[in-house]
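First up is the structure itself, then whatever we jot down about it.
Each reported figure results from applying straightforward, stated rules to the coordinates on display, with no laboratory input. From a predicted model like this one, the values you see are computed outputs, not experimental measurements. Every residue, glycine among them, receives a Cβ derived from its backbone with ideal geometry; neighbour counts consider all protein chains shown.
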Amino acid sequence: MPNPQPSLDQITALCKRRGFIFPTSEIYGGLHNCYDYGPLGAVLLRNIRNLWWDEFITKRDDMVGLDSQIILHPQTWVSSGHVTAFTDPLVEDKVTHKRYRADHLIEAWLAKHAEEPKWQDFVVENLDNEQMAEFIKKHSIKSPEGNEVTEPKDFNILFESAIGAVTGEKSKVYLRGETAQGIFTNFKQVVDSTRVKLPFGIGQIGKSFRNEITTGQFTFRTLEFEQAEIEYFFDPEQQDWQQLFKQWQTQMWKFVNETLGVDADNLRWRQHTDQERSHYSKDTYDLDYRYSFGWKELWGIAYRTNYDLKQHSKHADQNLEYIDPQTNKKFFPHAIEPAVGVNRLALMVLTDAYWQDTANKRTVLKLKPNLAPYQVAVFPLLKNKPKLVEQAKTVYDHLKNHLAATWDERGNIGKRYLYQDEIGTPFCITIDFDTLDDESVTVRDRDTTKQERVKISQLEKYFQTKLG
Ligand code: ATP
């Protein structure tokens, strides 16, 4: 059995206390399902984005990047099916008129009955609206306030906006519900303007928007979030989609487990049932992470076939077919889509790294050095001793050119260690009185708390080995 996960309250408190994540606009009372990333959270997100981009775009010869608009031509969302099918089942509390997702109320009820064998393999996603209504009635499921709820109705989660200054002349647009559509609408441009040949993929990172109803799972489900999506295009007559699909699954797992250093015990694959699968997909798997509130989707992979390119070709009256340069065969390539939320990756790494070290009475974020906002912290033992401060500044200024380094001279050494442990800094360097004689510093390891003396001249090499 894997280690127990920290509670969501523990994660939320640490994020706020140390400047990773804050509720947005808190001075105005906040806004449901919206969060801001503070100084450390911003760096964590950037580190995740960079690692993703590096591994899936920069280092691969068969991938190119893209940065498309948030506001696309509104017809895009009609063609893709989102205007009609991008819905969640919504119920309303009959007394408070607050809205909830029917499937989430059922999931919460199932969690309370998890011990009963009858419910252990029950998949909520298999129920349509009518079946959910029956289930809610049969088991007298109430809203979180304890009131009866209405029958589930489809609620479209696309965010609407308008272009134009004058009322009446405004035209309706949508904030993108996924970054993927910008990839499909640019497919032909990318093929014509670059030297890509099938099989190849286009990836992009950017904000998406969904009018989500659920509250209370911190940054897991927010109205505005960042997606990192790939469409990998191929000719199904030349390549076995199942084999490609498996290769992408392996890459996804490797990124989470090895690059981000997440415990494999907290990861699992789950295949979507026929009922649950999106309108465009032939097969879908979720890579689930064991969040504080249970196993939940981290990263989805779907075989979208040639649905999207065909739809856009038809509705835009443009031929988006690919022409094989060798055979001149004309066809709509098929696509496999690995799609992940950068914010869900961030919440996962924070959860996985959180460690209550009871022996040493401290909270530690065991972040991998490639994720940590700071890789080393440099301290003078005492801040009122100019010689120590001067020597420490020299070390700090030098390391800053090579590593993510931070300066800390507040409070005593013990407090500085506790602070750096909580923000996940892998190493602390202290410049003390001995340094002035022996040109060595004390390096303390976050996870083991072990300390060793290292020559200043050797520090750069030392960290090259330690931080990888
Ligand atoms: P869910 O079932 O959790 O609503 P989904 O299946 O609708 O997610 P996709 O459309 O497959 O999600 O989007 C791809 C990825 O984008 C998800 O795996 C998730 O990591 C992320 N994502 C989707 N919706 C949100 C959201 N509201 N907030 C944060 N991340 C999200």
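Based on the Cβ-Cβ distance from residue 271 to residue 412, what FRET efficiency comes out when R0 is 56 Å, to the nearest 0.05? Numbers along the way, then the final one.
Details: r = 54 Å, r/R0 = 0.96.
Computed FRET efficiency for residue 271 and residue 412 comes out at 0.55.
Once the Cα atoms of helix 386-400 and of the chain are each reduced to a long axis, what angle between those two axes, in degrees from 0 to 90 to the nearest 10, is obtained?
The two axes meet at around 30 degrees.
Compute the length gained on full extension between residue 279 and residue 434: take 0.36 nm times their separation in residues and subtract their Cα-Cα distance, giving the result in nm to one decimal.
Numbers: separation 155, 0.36 × 155 = 55.80 nm, distance 6.82 nm.
My answer for the length gained is 49.0 nm.
Which of the peptides 299-310, 34-45, 236-247, 408-419 is most tightly packed, and how do the rest follow, judged by the mean count of other Cβ atoms within 10 Å per residue?
299-310, 34-45, 408-419, 236-247
May I ask you to evaluate 6.51 cos²θ - 1.76 cosθ + 1.60, the Karplus curve with θ = phi - 60°, for each residue of the stretch 257-270 and list the ³J(HN,Hα) values in order in whole Hz, giving x for glycine and proline?
6, 9, 5, 8, x, 8, 4, 4, 5, 9, 10, 7, 9, 9
Would you grab the residues whose amide H sits under 5 Å from the one on residue 24? Only those 5+ places off in sequence or on another chain, please, with H modelled 1.01 Å from N.
31, 34, 35, 36
Which FRET efficiency value, to the nearest 0.05, do you get for residue 115 and residue 419 by plugging their Cβ-Cβ distance into 1/(1 + (r/R0)^6) with R0 = 51 Å? If you can, show how the numbers build up before the last one.
Numbers: r = 42 Å, r/R0 = 0.81.
My answer for the efficiency is 0.75.
Can you give me the long-range amide H partners of residue 283? Hydrogens built in the peptide plane at 1.01 Å from N, cutoff under 5 Å, separation of 5 or more residues or another chain.
Sorted by chain and number, the residues that satisfy this are 303.
At 7 Å along Cα-to-Cβ for each site, give me the label-to-label distance between residue 96 and residue 393 in nm.
5.6 nm
So what are the stretch 81-214's ellipsoid semi-axes, whole angstrom, largest first, if each one is the square root of 5 times an eigenvalue of the alpha-carbon gyration tensor? Mind showing how you got there, number by number?
On the way: eigenvalues 294, 107, 24 Å².
Equivalent ellipsoid semi-axes, largest first: 38, 23, 11 Å.
Under 8 Å for C-alpha pairs, at least 6 residues apart: give me the relative contact order for the stretch 248-400, rounded to a whole percent. Display every interim value, and only then the final one.
Values: 182 pairs, mean separation 24.4, N = 153.
Contact order relative to length: 16 percent.
Give me the percent of DSSP beta bridges within the chain that run antiparallel, rounded to the nearest 5. The partial results should precede the final answer.
Numbers: 67 of 78 bridges.
Antiparallel: roughly 85 percent of the beta bridges in the chain.
Shape call for the stretch 369-429 from the C-alpha gyration tensor, a ≥ b ≥ c root eigenvalues: rounded (a/c under 1.5), prolate (a/b greater than b/c) or oblate? Display every interim value, and only then the final one.
Values: a/c = 3.34, a/b = 1.25, b/c = 2.66.
It is oblate, given that a/c is not under 1.5 and a/b is not larger than b/c.
Multiplying the sequence separation of residue 316 and residue 25 by 0.36 nm and subtracting their Cα-Cα distance, what value in nm do you get?
Values: separation 291, 0.36 × 291 = 104.76 nm, distance 4.03 nm.
This chain segment gains 100.7 nm when fully extended.
Given only helices, namely DSSP H runs of n ≥ 4 each adding -39500 (n - 2.57), what is the per-residue ellipticity at 222 nm of the chain, to the nearest 500 deg cm²/dmol?
Values: 16 runs with 148 residues, N = 468.
The per-residue figure over the chain is -9000 deg cm²/dmol.
Run the Debye formula on the Cα coordinates of the stretch 372-468, all scatterers equal and no solvent, and tell me log10 I(q)/I(0) at q = 0.10, 0.24 1/Å.
Debye output, listed in q order: -0.22, -1.43.
What list of ³J(HN,Hα) couplings, whole Hz, do you get for the stretch 158-163 from phi and the Karplus terms 6.51, -1.76, 1.60, once you set θ to phi - 60° and write x for glycine and proline?
With the stated coefficients, the stretch 158-163 comes to 5, 8, 8, 9, 9, 9 Hz.
Using only alpha carbon pairs under 8 Å that are at least six residues apart, calculate the relative contact order of the stretch 101-165 and give it in whole percent. Walk me through the numbers before you get to the answer.
Details: 30 pairs, mean separation 21.7, N = 65.
Once normalised by length, the contact order is 33 percent.
Among the DSSP beta bridges whose two residues both lie in the stretch 374-467, what percent are antiparallel, rounded to the nearest 5?
Counting DSSP beta bridges with both partners in the stretch 374-467, the antiparallel share is about 55 percent.
Once you have a ≥ b ≥ c as the square roots of the Cα gyration tensor eigenvalues for the stretch 1-89, tell me rounded if a/c is under 1.5, and otherwise prolate or oblate according to whether a/b is larger than b/c. Walk me through the intermediate numbers first.
Numbers: a/c = 1.83, a/b = 1.29, b/c = 1.42.
The shape class here is oblate.
Quick check: convex hull of the Cα atoms in the chain, volume per residue, rounded to a whole Å³? The partial results should precede the final answer.
Working: hull volume 93.8 nm³, N = 468.
In the chain, the Cα convex hull volume per residue is 200 Å³.
Taking 8 Å as the Cα distance limit and 6 or more residues as the minimum spacing, I'd like the relative contact order of the chain as a percentage.
Numbers: 799 pairs, mean separation 64.4, N = 468.
That works out to 14 percent.
Cross-link partners among aspartates and glutamates for residue 400, C-alpha distance below 13 Å, same-chain residues fewer than 8 apart left out?
460
Taking only Cα atoms, what is the 0 to 90° angle, nearest 10, from helix 342-353's long axis to the longest principal axis of the chain?
Taking the Cα atoms of the chain, the angle to 342-353 is about 40 degrees.
Could you name the aspartates and glutamates whose alpha carbon sits less than 14 Å from that of residue 94, not counting residues in the same chain fewer than 8 places away?
145, 148, 151
What is the list of residues in the stretch 63-103 whose amide nitrogen lies under 20 Å from a point 7 angstrom out from the Cα of residue 140, following Cα to Cβ?
Those under the cut-off are 92-96.
Structure shown: which of 170/207; 153/246; 254/466 lie over 32 Å apart, alpha-carbon to alpha-carbon?
Numbers: 170/207 23 Å; 153/246 36 Å; 254/466 21 Å.
Result: 153/246 exceed 32 Å.
Once both axes come from the Cα atoms, what is the angle between helix 129-138 and the longest principal axis of the chain, in degrees from 0 to 90, rounded to 10?
Taking the Cα atoms of the chain, the angle to 129-138 is about 70 degrees.
So if each residue of separation counts as 0.36 nm, and I subtract the Cα-Cα distance between residue 87 and residue 241, what length gain in nm does that give? Could you put the intermediate results ahead of the total?
Numbers: separation 154, 0.36 × 154 = 55.44 nm, distance 2.80 nm.
Taking residue 87 through residue 241 to full extension adds about 52.6 nm, to one decimal.
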